[in-house]
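Okay, structure first, notes after.
The values are calculated or read from the model by the stated rules, or taken from the named source; none is laboratory data. Keep in mind that this is a model prediction, so the values were computed, not measured. Cβ coordinates were reconstructed from backbone atoms using ideal geometry, including for glycine residues, and neighbour counts include every protein chain displayed. Remember, those area values only see protein heavy atoms, side chains included, never the ligands or the DNA or RNA. Shrake-Rupley method; radii C 1.70, N 1.55, O 1.52, S 1.80 Å.
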Amino acid sequence: MTLTENNVRVADEVLQRLQKFLNPDAEQIPLHAPLFAGNEWTYVKECIDTGWVSSIGKFVDQFEQMLCEFTGSRHCIATGNGTLALHAALLVGGVVRGDEVIVPDLTFAATANAVVHAGAQPVLCDVSSKTMGVDPHSLRNWLQENTERSSRGLINRTSGRRISALVVMHCFGHPADIDDLLAICEENQLQLIEDAAESIGSYYQGTHTGRFGRLGVLSFNGNKTITTGGGGAIITDDADLARYAKHLTTTAKIPHPYRFRHDQVGFNYRMPNINAALGCAQLESLPEYLDRKRQIANRYAVLFSDLPGVTFLTEPAGCKSNYWLNALVLDDDGGDLLQHLLEITNASKIQTRPTWDLMHTLPAFAEIQKAPTPVAERLAKTVLCIPSGPSLWSEQ
Ligand SMILES: *Cc1c(COP(=O)(O)O)cnc(C)c1O
């Protein structure tokens, strides 16, 4: 690795500014540590004291109700994690074995994995440098050149298979270009499923992310804005889809006081009560956490505003982001500066990370069809995620 003098200077400046802002006495500054400052102990203890720790209990219903209220969604189904929620959402949303589903090249592997779990094949598309989510312009071009409409739906000319859905992911909490993507889905008979795993508390033109698609998916993994240990949820305004999602994720059991009868092969994807108890307490704190995270993002924006070669990624116009992971975008796209920054920050106990390795570089997806993804490739060489947890800093 050879670094230009300028890159050495940029890297030193980034490290110094991070060290100045973050607690210099801390042993280690994690990327996104969970914060338990409310009723977590009380609610979890109640589960243990009453014995309601597992698949039945009041906290699951309460958590779903609270999520509906927070997001504005009519229905919510809590699940064991976000990946399971995605799998179920795809099945409920109409993806069938042998279909193809468009997903961004720049995403966490769960997005593409869930498509495979559903028996379908991912097709990869590019993202926008403004939102880091699916880029409507390049998607429209790819669809025009590679697909045709038929009575079966949208057909991929190369494979002959039906493309049934688009999964949009709101990257690092920044909402994707939903209006344009919805229009593309309507024109092309595609179902829109939103991977809103990272974007609880993020809004597109005033509406919560995850509410634009047929179904939206949230995650409550330990590194997300709020956590249930492991957990996820499906949100939807469609009562029939919600009923089916609940049924499918609760072993397709026909409700009955003592009989166990299942009307199809279902899944045991339900969130346990003890996790939901944690979630209820976390949801109570969510507005405060979002506020803290916004303060942190504002501070970062100022901290890096006058540093040439580095841009702090801000929320897209018309959107409110939860700033799940704050990110710096480097002008230098050779990859060496990013690598150097990753090394020196982590060596200084400040946890940072690049984007995920792009899906098309993973062995499981190396052979699948993809649109050209120059923006995703550039972002993979220029994006540095920096510490973002709600406990990092708060205005006193
Ligand atoms: C976290 C995440 C998921 C789901 O993750 P789980 O760990 O299964 O809850 C899915 N997609 C994206 C983009 C994520 O960041």
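For the peptides 44-56, 65-77, residues were scored by their other Cβ atoms within 10 Å and the scores averaged per peptide; the highest-first order is 65-77, 44-56.
On a per residue basis, region 169-268 carries 39 Å² of accessible surface, using protein heavy atoms and a 1.4 Å probe. Within region 323-345, name every residue whose backbone N is under 14 Å away from a label modeled 7 Å from Cα of E13 along the Cβ vector. Hits in region 323-345 for E13 at 14 Å: 329-332.
Provide the FRET efficiency to the nearest 0.05 for the T158-E186 pair, computing r from the beta carbons and using R0 = 22 Å.
Efficiency for this residue pair is about 0.40.
Treating cross-link reach as a plain straight distance, find the lysines whose alpha-carbon is under 21 Å from the alpha-carbon of K224, omitting any fewer than eight places away in the same chain. The qualifying lysines are K293, K320, K349.
Simple spin-label estimate for T4 and I48 gives 5.7 nm between the two label positions (7 Å along the Cα-to-Cβ direction from each Cα). Scalar couplings 3J(HN,Hα) for region 44-59, obtained by applying the Karplus form with A = 6.51, B = -1.76, C = 1.60 to θ = phi - 60°, are 5, 4, 4, 4, 5, 4, 9, x, 8, 9, 9, 6, 10, x, 6, 5 Hz; x denotes Gly and Pro.
Mind giving me the FRET efficiency for D179 and D25? R0 is 45 Å, r the Cβ-Cβ distance, nearest 0.05 is fine.
0.45
On a per residue basis, region 1-111 carries 50 Å² of accessible surface, using protein heavy atoms and a 1.4 Å probe. Working ranking of peptides 284-296, 187-199, 352-364, 163-175 by packing, defined as the average number of other Cβ atoms within 10 Å per residue, highest first, is 163-175, 187-199, 284-296, 352-364. Placing a label point 7 Å from the Cα of R353 along the Cα-to-Cβ direction, the residues of region 104-118 whose backbone N falls under 19 Å of that point are 104-114. Beta bridges from DSSP with both residues in the chain: antiparallel share about 65 percent, rounded to the nearest 5. Placing dummy labels 7 Å off each Cα toward the beta-carbon, the span from E288 to H117 is 3.3 nm. Can you give me the % of accessible surface on region 203-253 that is carbon or sulfur? Probe 1.4 Å, all protein chains present, nothing else counted. Reported share for carbon and sulfur atoms: 45 percent. Dipole check for the chain: with +1 at the C-beta of Lys and Arg, -1 at the C-beta of Asp and Glu, and the Cα centre as origin, the magnitude is about 1140 Debye. Averaging the Cα positions of each part gives two centres, and for region 187-254 and region 23-100 these lie 11 Å apart.
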